[in-house]
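These notes are about the structure you will find just below.
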Amino acid sequence: MECKSDAALLIVAHGSTVNPDSSAPTLAHAAEIRRREVLADVECAFWKEEPSLRDALFLFDPESIREVYVVPNFISEGYFTQTVVPRELELNGRITKRSNGQIWKYCEPVGNHQLMTELLLRRAQEIAPGVPQNEATLLIVAHGTDLNENSAVAAKREAEKIRSLGKFAAVLNVYMEEPPLVSDWRKLTKTSNVIVVPFFISDGLHSYEDIPVLLGIANRRSGAGSSAERGEVFRHNPYKIDNRSLFYAPSIGTDPGFADIILEQALNAKS
């Protein structure tokens, strides 16, 4: 992106009142984009944390900032990107002109970007170095259920795209709460190597505890523990189960490459 001295970027995300790690990737991506100095300002706003989405309306000085790119740090289109964010930011479409003269451009969520496939492939390679892909099954794990229907669709889309490349022995989209279930991975896979990548924006209860329990690589624990303690589950690869090797990755949204995707989504905003 060319340097825009009169434009700002607002990254919006869900956040959490109970999981301090929820906003960490979004803040890290914002810091990286800020470091590149391609925009006059880069800020974040959250639905469940501070600064709130409502606060974001007052983050940018209209005298110096004429354009604001709003990029949702979400895996897919859904209730938050289609209803909550536009409502809270008072957006009336892809382009909103404020009474103060600012133009706010509402961009596509990060999960829609074509680079997502590349990041998933890279994460799989990083977590299982030296493992021939044609001897491994890649599992992309989403939540599932009607509450997260679009994220399930996004996981299926990415699995189909990677499957078409013919790199892995098999590529499956699996879910926590609907078939095909991640807990059935032993039945669903035939290879001796299985690589599991959670298709979430941040690491939280699902990636730290729920999915590891469903995979059989951890027991249900009481108490959240520190970030370092929760992150231990990613540092014991490979897990040996039934003479097979299972590799478990952090959530895809923690990949530093998301900074590139966020910038690309702003760059591709409709004029």
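Let me spell out the model: positive unit charges on the Cβ of Lys and Arg, negative unit charges on the Cβ of Asp and Glu, origin at the Cα centre of the chain. What dipole size does that give, in debye rounded to 20?
Once rounded to the nearest 20, the dipole reads 720 debye.
When all protein chains stay in place, what accessible area (Å², nearest 10, 1.4 Å probe) is found for Arg163?
About 110 Å², rounded to the nearest 10.
Tell me the volume per residue, in Å³, of the convex hull enclosing the alpha carbons of the stretch 164-271.
Working: hull volume 16.5 nm³, N = 108.
Given the Cα convex hull of the stretch 164-271, per-residue volume reads 153 Å³.
Using a Gaussian network for the chain with springs between C-alpha atoms less than 10 Å apart, which of these wobbles most: Pro250, Pro198, Pro86?
The residue that fluctuates most here is Pro86.
Tell me what the chain gives for mean residue ellipticity at 222 nm when only DSSP H runs of n ≥ 4 count, each as -39,500 (n - 2.57), the sum divided by the residue total, rounded to 500 deg cm²/dmol.
Details: 8 runs with 72 residues, N = 271.
Here the helix-only value at 222 nm equals -7500 deg cm²/dmol.
Hey, if we sort Ile217, Ile33 by accessible area with the 1.4 Å probe, largest down, what's the order? Spell out each step's value before the answer.
Values: Ile217 30, Ile33 0 Å².
Solvent-accessible surface, decreasing: Ile217, Ile33.
Quantify, in whole percent, the carbon and sulfur part of the accessible surface of the chain (1.4 Å probe; protein heavy atoms only). Intermediate results must be reported in sequence, preceding the final value.
Numbers: 6290 of 12610 Å².
Whole-percent figure for carbon plus sulfur exposure: 50.
So with the 1.4 Å probe, I'd like the accessible area per residue for the chain, rounded to whole Å². Intermediate results must be reported in sequence, preceding the final value.
On the way: 12610 Å² over 271 residues.
For the chain, the solvent-accessible area averages 47 Å² per residue.
Choose one answer from Phe74, Phe168, Phe200: the residue with the largest mean-square fluctuation in a GNM of the chain with alpha-carbon springs under 10 Å.
Result: Phe168 has the largest fluctuation of those listed.
Connecting C-alpha atoms closer than 10 Å in a GNM of the chain, tell me which of Ser251, Ser192, Ser99 has the biggest fluctuation.
Greatest mean-square fluctuation among the candidates belongs to Ser99.
What is the local net charge at Glu126, summed over the other residues whose Cβ is closer than 14 Å to its Cβ (Lys, Arg +1; Asp, Glu -1)? Working shown, then result.
Details: positive: Arg122, Arg123, Arg235; negative: Glu118, Asp255.
Counting the neighbours of Glu126, the net charge comes to +1.
Starting from the Cα coordinates of the stretch 34-145, work out the convex hull volume and express it per residue in Å³. Before the final figure, lay out the partial values.
Details: hull volume 16.6 nm³, N = 112.
Taking the convex hull of the Cα positions in the stretch 34-145, it is 148 Å³ per residue.
The values are calculated or read from the model by the stated rules, or taken from the named source; none is laboratory data. Worth saying up front: this structure is predicted, and the values here are computed from it rather than measured. Because the Cβ atoms are built from the backbone with ideal geometry, glycine has one as well, and the counts that use them run over all protein chains shown. These accessible areas exclude ligands, DNA and RNA; they are computed on the full protein's heavy atoms, side chains included. Shrake-Rupley method; radii C 1.70, N 1.55, O 1.52, S 1.80 Å.
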